[in-house]
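A quick write-up on the structure given underneath.
The values are calculated or read from the model by the stated rules, or taken from the named source; none is laboratory data. Everything numeric in this text was worked out from a predicted model, so none of it was measured. Positions of Cβ are generated from backbone atoms using ideal geometry, with glycine treated the same way; all protein chains shown enter the neighbour counts.
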Amino acid sequence: MEFEEYRSYDAVGLAGLVADGQVSAAELLTVARDRAAEVNPRINAIVREVPATPAAAPSGPFGGVPFLIKDLAQDYAGLPTSAGSRALRTAKAPAHATIVRRWLDAGLLIFGKTNTPEFGAKGITEPELWGPARNPWDLTRTPGGSSGGSAAAVAAGIVPAAGANDGGGSIRIPAACCGLVGLKPGRGLTPSGPATGESMHGAAVQGVVSRTVRDTAAMLDVISGGEPFGPYAPAMPSSSFASCLGQDPGRLRIGVRVPSAINPTPDREAYAAVDGAVRALTELGHHVEELPTAPFDDAALARDFLLTWFVYTAWEFDEAKRLTGAGDDSFERDTLILAAIGRATPSVDYVDAVQRRHEHTRRLSTFFESFDLLLTPTLATPPPRIGEFDLPVALQRASDVLIKTRTAGLLRYTKIVDDMVDKNLNWVPYTQLANLTGRPAITLPLHWTADGLPLGVQFVAPLEGESLLVRLAAQLEVALPWADRFAPV
């Protein structure tokens, strides 16, 4: 099989070819590896090889399909999970993560691990350990994060889908940057074990990025469901997610909001993305209504999200040091700053932020009494340029002094934190809502900018709304097809 033919199929399609004997798993893996050898030096998506031996007669719904997993919270037994950190570069995982075991059981051929920022703590993928991942649509731009390596690999045609996870937008942000489908499942639907019952109080979940809604749905079918060491058994749909493809979602009531408290003036391309989606939805018969205000306190939610993120980074930092004995010099400057701020946060403030999630959830639930879905841009701006979020040199030097004197926690009381918050969330103010409230959300590649860059739109659904999201996404995929648009890399 030649690459151009390989790229024209999604994962479900490739699995069908293998099952019918039209192509072997070994042939597919050769094409995927050859494509990786060709483009990975330019996009830096894959950071570690994984041994893969194709079976002569692959089994499972994705039997024989090449696949990549993220080098964060997707452990492969016997190989390190670096989480983008020098401290963890050689720390080998004792067992497969449940999510990885389910992918293997589904017949996927995992042959590599993908780039991610240190501890997945940023919406970009530029770790010092591996270097920046680059967007196949424009190599000067970020593919987003923290699943940026996975999204870049899929957009470049190395694999049709790849493992991802999402604690604040880390599936949806890179999918939007790279012209892909990215569904964040609701809290607890996909497993986090065996290393943990649930990550970030359930805000972080496992999933994939893909080119087609069909792959996203079929992948969700193979990874959904509880596990013995999980905190609870999730409610499962009465029928498969794949069976939702082609089903009429009905006439939906959709509320639309573009401005946010973090970015009151999004880029005109963000408005254009939503306008195009609204036109398509209206033509499909849905009721779409612009919201005069956000259906939740987005400024408060952003503060609560970042406070808990700082504290969680401090815990991850300390856990990595306990596991490896690494010193401070094994971590990035930004991580040291975030960890210091988190460590300086009073425990009562942390619990306050966690408890306020219930208030955000109640407000969103009230919104869903009148609407079926919330529509926003996924990004407030086109994908930023590589290095755009580097700290200014003067701030780097000041931070180094504070870190060395163990007083970096004082940054919590300065404008520096506000500046960091504004700069890092200004372009992605929409995604954290679904994480803190535990609701499912999906980004779809419905818009490309005048410069040819993807910019997705996001739909947030109520509890158990994954099936609805799949039905609507499949309807929009027919109305505004995107799978035959390929990045120029």
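Just one of the numbered conditions (1) assigned to a strand (DSSP E or B); (2) over 19 Å from the mean Cα position of the chain (by Cα) is not true of ILE110: (2).
Part of a loop (DSSP other than H, G, I, E, B), surrounded by 24 or more Cβ atoms within 10 Å (Cβ to Cβ) and touching a helix residue (DSSP H, G or I) at 6+ places or on another chain (Cβ under 8 Å): is that true of SER150 in this structure?
So SER150 does not fit the description; no.
Screening region 357-377 for residues that are in contact with a helix residue (DSSP H, G or I) (Cβ under 6 Å, 6 or more places away or on another chain) and within 15 Å of THR437 (Cα to Cα) and picking the one that is surrounded by the most Cβ atoms within 10 Å (Cβ to Cβ) gives LEU364. Of the set (1) assigned to a helix (DSSP H, G or I); (2) exposed (fewer than 15 other Cβ atoms within 10 Å of the Cβ), all apply to VAL354 but (2).
So which residues in region 260-295 are more than 29 Å from ASP248 (Cβ to Cβ) and in contact with a helix residue (DSSP H, G or I) (Cβ under 6 Å, 6 or more places away or on another chain)? Of everything in region 260-295, those that are more than 29 Å from ASP248 (Cβ to Cβ) and in contact with a helix residue (DSSP H, G or I) (Cβ under 6 Å, 6 or more places away or on another chain) turn out to be SER260, ALA261, ILE262.
Can you find, within region 186-200, the residue that is surrounded by the fewest Cβ atoms within 10 Å (Cβ to Cβ) among those that are under 20 Å from THR308 (Cβ atoms) and in contact (Cβ under 8 Å) with a residue 60 or more places away in the chain? Before the answer, list the steps.
Within region 186-200, the subset under 20 Å from THR308 (Cβ atoms) is 186-188, 192, 195-200.
Narrowing the set further to residues that are in contact (Cβ under 8 Å) with a residue 60 or more places away in the chain leaves 186-188, 192, 195, 199-200.
Working: GLY186: 23, ARG187: 23, GLY188: 21, SER192: 24, ALA195: 15, SER199: 17, MET200: 21.
The qualifying residue surrounded by the fewest Cβ atoms within 10 Å (Cβ to Cβ) is ALA195.
Here GLY387 clears all of (1) touching a residue at least 12 places away in the same chain (Cβ under 8 Å); (2) assigned to a loop (DSSP other than H, G, I, E, B); (3) surrounded by fewer than 17 Cβ atoms within 10 Å (Cβ to Cβ); (4) more than 22 Å from the chain's Cα centre (by Cα) except the condition numbered (4).
Taking the listed residues THR376, THR381, THR366, THR361, the one that is outside any helix (DSSP H, G or I) and closer than 21 Å to ALA300 by Cβ is THR376, with no other qualifying. The set of residues from region 14-50 being surrounded by fewer than 21 Cβ atoms within 10 Å (Cβ to Cβ), of a type outside the set (A, V, I, L, M) and either without any contact (Cβ under 8 Å) to a residue 60 or more places away in the chain or at positive phi (or both) comprises GLY16, ASP20, GLY21, GLN22, SER24, GLU27, THR30, ASP34, GLU38, PRO41.
Would it be correct to say that LEU395 is outside any strand (DSSP E or B), surrounded by fewer than 17 Cβ atoms within 10 Å (Cβ to Cβ), of a type outside the set (Asp, Glu) and at pLDDT below 75? In short, no. So ALA87 clears everything in (1) in contact (Cβ under 8 Å) with a residue 40 or more places away in the chain; (2) more than 17 Å from GLY207 (Cβ to Cβ); (3) out of contact with any strand residue (DSSP E or B) (no Cβ under 6 Å at 6 or more places or on another chain); (4) outside any helix (DSSP H, G or I) except one condition, right? Which one? Looking at each condition in turn, ALA87 falls short on (4).
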